[in-house]
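Scroll down for the structure; my scribbles are underneath it.
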Amino acid sequence: MATEGNPIIDVKKLTKTYCGGRIRALTDCSLTIRKGEVVVIVGPSGSGKSTFLRSLNLLETPTSGQIIFEGTDISDKKTDINLHRQRMGMVFQHFNLFPHMTVMDNLILAPVKVRHEDPEKAKERARELLSKVGLSDRESAYPIQLSGGQKQRIAIVRALCMNPDVMLFDEPTSALDPEMVGEVLEVMRDLAKSGMTMVVVTHEMGFAKEVGSRVIFMDGGKILEDKPPKEFFENPENERLKLFLSKVL
Amino acid sequence: MWWSNLFAGMSPSNFFNFSFLPKYASFFIQGVEYTLLLSVVSVAISVIPALILALMRLSKSGIVRTISGAYISLFRSTPLMVQLYIIYYGLFSLIRIPSYTILGFIDITRFIPGVVALALNSSAYVSEIFRAGILAVDQGQMEAARSLGLSKWQGMKFVVLPQAIKNILPALANELVTMVKESSICSVLGMSELIWGAKTVASTTYKTLAPYVLAAIVYFAINYPASKVIEAIERRMRRGDRR
């Protein structure tokens with residue numbers, strides 16, 4: 001099913017520079033993400049993979065290039081980005097749960113305030129999703145009372161509560177204690193199985209191999225390799241990718 | 001000896017000679033009430049313009065930032081007394097305030113210009129308190145809010161400001177303590193607050209020291225416990241963070 005769907009995100013020659021062009025974070029990155037795909041982005045730190053991911057929902061504003069999301073150029077300044085962000089869930093390395101709210105209030109904030117859903121209906125849906133990640137009993141807890149793995153699972157549910165068409169993951173397991181990585185990856189694996197379109201920046205090569213429909217290698221702000229996982233890991237062509245894989249595998 | 005006269009005026013009997021009190025106590029009681037009302041109302045009013053100034057200062061637009069920065073610099077770099085004179089004789093020579101008295105001794109034709117001057121001055125300081133409080137909230141919070149589709153203002157209102165409040169409240173209370181002291185400047189325009197009361201008693205009774213000593217004691221008795229309470233609350237809030 002990997003490449004059959006319609007394009008959902010189309011990135012065209014995305015370039016991002018800082019400090020008036022003196023620092024180049026991304027250079028001419030182009031990528032098409034289709035419905036149902038799980039695109040895993042790997043690369044050494046500082047390679048631009050997080051900047052690339054954060055550009056997809058415009059947390060970083062592109063210097064040049066286009067990002068077409070479901071047919072709309074969202075990098076155009078005239079586009080109301082808030083409207084499109086509702087359809088793109090984002091999960092952060094440091095969870096970024098709202099510490100002054102209970103788990104339930106974290107989950108229903110956006111559905112109620114942005115989409116003006118009935119709070120009771122939003123709660124019903126949130127409970128359903130909570131039970132899927134095995135955290136039904138924590139809905140009235142505050143984030144500070146949760147473990148890292150629980151926080152990240154809640155953060156995933158928070159994004160899912162908006163019914164997104166695509167989920168973006170920015171190193172979702174990098175801030176976790178090793179014994180908690182598994183529970184978060186399992187939730188992501190289930191999500192992928194359910195057909196969710198996902199873009200995942202990660203260092204978890206096992207996840208890339210097993211769940212990814214395509215694996216992307218970035219270095220120096222450029223996309224250097226884009227292949228199905230089997231080829232990516234077994235027949236790497238790019239010299240820098242070979243070097244990278246020899247270090248991480 | 002010649003020097004024994006030098007300190008004659010500073011003998012304890014002059015310092016603490018409160019014999020004027022039975023007759024003139026009302027000057028001090030009303031003075032305290034005036035002072036407290038003046039400072040509480042001024043700081044309370046300053047909160048809204050201060051929030052606007054702080055948000056302007058954090059704006060993306062350079063012009064908006066400059067306007068806010070200019071206001072803050074202007075009010076922080078000139079003496080409060082000058083601001084008071086300019087507002088009283090300048091602004092309020094154009095605005096007529098109907099003659100009216102609250103609590104029987106607060107004449108609003110003086111009270112309102114005083115509040116306006118103190119509030120304008122205070123908003124410059126309070127806006128910096130707000131700005132620092134907002135900046136202390138982790139940037140990821142706003143990013144998470146925005147990525148859920150919340151607008152910038154919704155992110156501020158529902159996510160950032162509720163967390164910033166914790167940083168802001170103690171500093172705001174400290175600003176109130178400062179204002180209780182600073183409002184004494186209003187005596188130069190005849191607002192009958194605590195210092196004005198002391199001054200009046202001093203010139204009526206020819207006791208030039210003790211009324212001011214009493215005023216100092218009253219200020220201290222208000223501000224010292226207040227700042228201790230603020231400190232305690234601050235400590236408790238910080239403990240809440242670590243939990």
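The values are calculated or read from the model by the stated rules, or taken from the named source; none is laboratory data. The model shown is predicted, which means the values in this text are computed figures rather than measured ones. Glycine gets a Cβ as well: all are built from the backbone with ideal geometry, and neighbour counts include every protein chain shown. What goes into the accessible areas is simple: the full protein's heavy atoms, side chains included, and nothing from ligands, DNA or RNA. Shrake-Rupley method; radii C 1.70, N 1.55, O 1.52, S 1.80 Å.
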Q. Accessible area drop of at least 40 Å² (1.4 Å probe, protein heavy atoms): which residues of the range A:87-106 qualify, relative to the chain alone?
A. A:N96, A:F98, A:H100
(Q) Compute accessible area for the range B:122-149 by itself and then with all protein chains, 1.4 Å probe, and report residues whose area falls by 40 Å² or more. (A) B:Q141, B:E143, B:A144, B:R146, B:S147, B:L148, B:G149
(Q) Once neighbouring chains are kept in place and the probe is 1.4 Å, which whole percent of the accessible area of chain A is contributed by carbon and sulfur? (A) 47
Q) Mean separation of Cα pairs under 8 Å and 6+ residues apart, divided by the residue count of chain B: what relative contact order is that in percent? A) 29
Q. So for the pair B:Y212, A:E179, with labels modelled 7 Å out along Cα→Cβ, what separation do we get in nm?
A. 6.9
Q | Extension gain from B:S13 to B:V82, taking 0.36 nm per residue of separation minus the Cα-Cα distance | A | 21.2 nm
Q: Amide H neighbours of A:M90 under 5 Å, at least 5 residues apart or on other chains, H built in the peptide plane: list them.
A: A:L168
Q: Leaving ligands, DNA and RNA out of it, work out the accessible area of B:E234 with a 1.4 Å probe and give it in Å² to the nearest 10.
A: 70
Q.
If you split all Cα-Cα distances of chain B into 10 Å bins from zero, what percentages do you get per bin, shortest first?
A. 7, 24, 28, 21, 13, 5, 2, 0, 0
Q. In degrees from 0 to 90, rounded to the nearest 10, what is the angle of the helix B:210-242 Cα long axis to the longest principal axis of chain B?
A. 20
Q: Step through the residues of the range A:230-236 one at a time and calculate ³J(HN,Hα) from phi using the Karplus curve (6.51 cos²θ - 1.76 cosθ + 1.60, θ = phi - 60°), rounding each to whole Hz and writing x for Gly and Pro.
A: 4, 5, 3, 8, 8, 10, x
Q | Taking chain A and dividing mean pair separation by its residue count, relative contact order in percent (alpha carbons under 8 Å, at least six apart) | A | 26
Q.
Roughly how far apart, in whole Å, are the Cα centres of the range B:177-243 and the range A:170-249?
A. 64
Q. Within the accessible area of chain B, what % is carbon and sulfur when the probe is 1.4 Å and the other protein chains stay in place?
A. 67
Q) Per the Kirkwood formula on distinct C-alpha pairs, the Rh of the protein assembly as shown is how many angstrom? A) 27.2
Q: Give me the accessible area per residue for the range B:24-242, probe 1.4 Å, as a whole number in Å².
A: 50
(Q) Given R₀ = 25 Å, what would the calculated FRET efficiency be for B:V40 paired with B:A232, taking r from the Cβ atoms and rounding to 0.05? (A) 0.75
Q: Can you pull out the buried accessible area for chains B and A, both sides counted, probe 1.4 Å, rounded to the nearest 100 Å²?
A: 1800
Q. Extent of the range A:68-172 along each principal axis, from alpha carbon coordinates, in Å, largest to smallest?
A. 42, 33, 24
(Q) Which aspartates and glutamates, if any, have their Cα less than 19 Å from the Cα of A:K78, not counting same-chain residues under 8 positions apart? (A) A:D10, A:E60, A:E70
Q: Measure nothing but the geometry: give the 0 to 90° angle between the long axis through the Cα atoms of B:21-57 and the longest principal axis through the Cα atoms of chain B, rounded to 10°.
A: 20
Q) Okay, helix-only estimate at 222 nm for chain A: each DSSP H run of n ≥ 4 adds -39500 (n - 2.57), divide by all residues, round to 500 deg cm²/dmol; what do you get? A) -10500 deg cm²/dmol
Q: Provide the net charge surrounding B:A54, with neighbours chosen by a C-beta distance below 13 Å and charges set as Lys +1, Arg +1, Asp -1, Glu -1.
A: +2
**Q.** Estimated distance in nm for a label pair at B:N223 and A:T72, the labels positioned 7 Å out from Cα along Cα-to-Cβ
**A.** 5.6
**Q.** Local electrostatic count at A:V215 - Lys and Arg +1, Asp and Glu -1, tallied over other residues with Cβ under 12 Å
**A.** -2
Q) Using only the Cα atoms, what convex hull volume per residue in Å³ does chain A have? A) 132
Q) Helix B:194-205 sits at what angle to the longest principal axis of chain B, using alpha carbons and giving 0 to 90 degrees rounded to 10? A) 10
Q. Could you give the longest part of chain B that holds none of the chymotrypsin sites (Phe, Trp or Tyr not before Pro) found in DSSP loops with at most 16 neighbouring Cβ atoms within 10 Å?
A. B:106-205
